[in-house]
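Q: Can you keep this structure in mind? I'll have questions shortly.
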Amino acid sequence: MTSPVLPLLRDGGPLLAAFDGVRALLEPVFPTSLFRYEHVQPRMSPARWAEIARVAPTIGMSLADWNSNTLSGTDYRGDVSIPVFLVVRQDKPEFLLKGTKTPGVMGMMAAAIFALDSQRIEGVGQVSVKRASNLEAANWIDDRTAIATLNVVVKNVGYSKELARAQLADLSDVDGTWDFAPVTTAQSSGAEK
């Protein structure tokens, strides 16, 4: 049996493999023909969340952290936390929990947990759903939208230092895929108001 080939380290390596593996486990239950998938960045503004929530049902995914564990030894190994956000909309707030002809938050939470918990991503690690909550977004979304948050962890994810060294022998020449030119974005200091 051969080991699966992980993405290159410059593309995310085991982090990308964990992220893509979680999505691959979700897609049979939440197919892309019926559910939109979004990458969710940390500290997104309520306005950006509102934009994402305009079209539902939606599955949002992010990368939170990669925490070293005591099994590290010579290669870095740890648990990767991938928050999953389940966005639903209904015509009336009372339909948010159970749903109508479109999913409610309870059904989506149950289906996502079923799809993910105790599953194994080959060559990456075992998936565990540590927590599911419908409360985080309650104060800043409209009353016809619900966003459930799942704390999904892929356990004991790691990489080989030898493979990493071979891939990143010269950081300035990474197959021409990285561009180190400065990126500027419009940011507000808040003083304009």
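The values are calculated or read from the model by the stated rules, or taken from the named source; none is laboratory data. None of the values given here were measured: they were computed from a predicted structure. Here Cβ is always computed from backbone atoms with ideal geometry, including for glycine, and neighbour counts include all displayed protein chains.
Q: Quick check on region 186-193. Is at least one of its residues at pLDDT below 65, part of a loop (DSSP other than H, G, I, E, B), among the hydrophobic types (A, V, I, L, M, F, W, C) and surrounded by 11 or more Cβ atoms within 10 Å (Cβ to Cβ)? Walk me through how you get there before you give the answer.
A: Going through region 186-193, the residues at pLDDT below 65 turn out to be 186-193.
Keeping just the survivors that are part of a loop (DSSP other than H, G, I, E, B) gives 186-193.
From what is left, the residues that are among the hydrophobic types (A, V, I, L, M, F, W, C) are 186, 191.
Then drop every residue that is not surrounded by 11 or more Cβ atoms within 10 Å (Cβ to Cβ), which leaves none.
Within region 186-193, not a single residue is at pLDDT below 65, part of a loop (DSSP other than H, G, I, E, B), among the hydrophobic types (A, V, I, L, M, F, W, C) and surrounded by 11 or more Cβ atoms within 10 Å (Cβ to Cβ).
Q: Moving on to the next point. Could you please find all residues in region 107-128 being without any contact (Cβ under 8 Å) to a residue 24 or more places away in the chain and not in a loop (DSSP other than H, G, I, E, B)?
A: Filtering region 107-128 for residues without any contact (Cβ under 8 Å) to a residue 24 or more places away in the chain gives 107, 110, 117-118, 120.
Answer for region 107-128, where residues must be without any contact (Cβ under 8 Å) to a residue 24 or more places away in the chain and not in a loop (DSSP other than H, G, I, E, B): 107, 110, 120.
Q: While we're here: Within region 32-73, track down each residue that is without any contact (Cβ under 8 Å) to a residue 12 or more places away in the chain and of a type in the set (Ser, Thr, Tyr).
A: Within region 32-73, 32, 33, 45, 68, 70 qualify.
Q: Go over the candidates 143, 117, 91, 75 one by one and state the one that is at pLDDT 95 or above, surrounded by fewer than 20 Cβ atoms within 10 Å (Cβ to Cβ), on the phi < 0 side of the Ramachandran plot and of a type outside the set (A, V, I, L, M).
A: Criteria check complete, one pass: 117.
Q: Of (1) surrounded by 13 or more Cβ atoms within 10 Å (Cβ to Cβ); (2) farther than 22 Å from residue 135 by Cα; (3) of a type in the set (S, T, N, Q), residue 67 satisfies all except one. Which?
A: Condition (1) is where residue 67 drops out.
Q: Here is a further query. Filter region 24-43 down to the residues that are surrounded by 16 or more Cβ atoms within 10 Å (Cβ to Cβ) and under 13 Å from the mean Cα position of the chain (by Cα) and list them by number.
A: Within region 24-43, 25, 26, 38, 40 meet the criteria.
Let's see how each residue does on (1) closer than 25 Å to residue 104 by Cβ; (2) in contact with a Lys or Arg (Cβ under 6 Å, 6 or more places away or on another chain); (3) of a type outside the set (S, T, N, Q):
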{"site": "8", "(1), (2), (3)": "no, no, yes"}
{"site": "15", "(1), (2), (3)": "no, no, yes"}
{"site": "21", "(1), (2), (3)": "no, no, yes"}
{"site": "27", "(1), (2), (3)": "yes, no, yes"}
{"site": "33", "(1), (2), (3)": "yes, no, no"}
{"site": "45", "(1), (2), (3)": "no, no, no"}
{"site": "49", "(1), (2), (3)": "yes, no, yes"}
{"site": "61", "(1), (2), (3)": "yes, no, yes"}
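Q: Which residue pairs have Cβ atoms closer than 7 Å, lie 6 or more positions apart in sequence or on different chains, and pair a first residue in region 1-25 that is at positive phi with a second residue that is part of a loop (DSSP other than H, G, I, E, B) and modelled with pLDDT of 75 or more?
A: 13/7; 13/159
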